[in-house]
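Quick notes on the structure that follows.
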Amino acid sequence: MRIGFYQFRPLFGKPDHNCRKVVDRLKSVRADLIVLPELCLTGYLFKDRTEVKALAEDPRRSASVQSLVALCRRRGFHLVTGFTEKARDKYFNSALLLGPRGIRRTYRKLHFFMEENSWFDPGDKELAVDRVNGVRIGMMICFDWVFPEVARTLALAGADVICHPSDLVLGHCQQAMLTRSLENGVFSVTANRFGTDRRPHGEVRFTGRSQIVGPRGELLFRAPSQREVVHVLKIDPARARDKAITPHNQLLKDRRPEFYT
Ligand code: ACM
């Protein structure tokens, strides 16, 4: 299984440009699964919900999603991409699992950062796992990292790999994700953007340093902070199914959930 990410700098409000950039950069990449950053077609720093409404799309009717699915078909891979989603009269900060045959799953961010709760509706979909080439993958988005229940729920649902589209601002996530991987015995791919969304109402700088972590919490690769990077590496998903910590300890079986409520 070859998994990776594309760390780049989306331009705010230019979905066609951003989508073309992704398609162009990934057109000769060999992989099974590539993760892209959060909200990476529209950019992040919305002024208000009205601006979200102007840029959000129904993924089933989005030309960008069609282009990304066509890319999946040509390259024979899957993508997890952040997406500014319109669903009837609701607007979500979502992640889409896309494959050669179209949209496989939509996840909607559960835990909002800063002003996101005035831009988006709260996520309303279960945390779930899908098979990609026999490997079980789950999705969470950026600030979900602060809530260890998210990664744990995905691990309990059988995830081997957690895909984590991000637009990180604080500096702690990359280090914390080593622990999320370790405590759940899963691979994680954090695909973060870099650069700054400079808007009339303010600006936010993103931290890059996208990374891939192994099931013992080991850093397999980390990108620099402010540079465009595509990185793909080969993993053995069987490593995420071995939940032994010692010959006497099993990561998920040894839990005592009766004491956790
Ligand atoms: C974040 O959730 N975009 C920090």
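Here are the numbers for the structure shown:
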| quantity | calculated |
| --- | --- |
| Of 90/125; 86/125; 86/109; 109/234, pairs whose Cα-Cα distance is over 25 Å | 109/234 |
| Residue exposure sequence - 248, 111, 231 - by fewest surrounding Cβ within 10 Å | 248, 111, 231 |
| Cβ-based exposure ranking for 235, 103, 34, in which fewest neighbours within 10 Å come first | 103, 235, 34 |
| Antiparallel %, DSSP beta bridges [both residues in region 1-103], to 5 | 60 |
| Filtered GluC sites (Glu not before Pro), region 143-239: DSSP coil and at most 13 other beta carbons within 10 Å | 218 |
| Within-11-Å neighbourhood charge of residue 72 [Cβ basis; K, R +1; D, E -1] | +4 |
| Order of 114, 140, 177 under a 10 Å beta carbon neighbour criterion, fewest first | 114, 177, 140 |
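Laboratory data are not the source of any read-out in this text; all were calculated from the coordinates shown. All values reported here derive from a predicted model rather than from experimental measurement. Please note: Cβ atoms are built from the backbone with ideal geometry, for glycine as well, and neighbour counts cover all protein chains shown.
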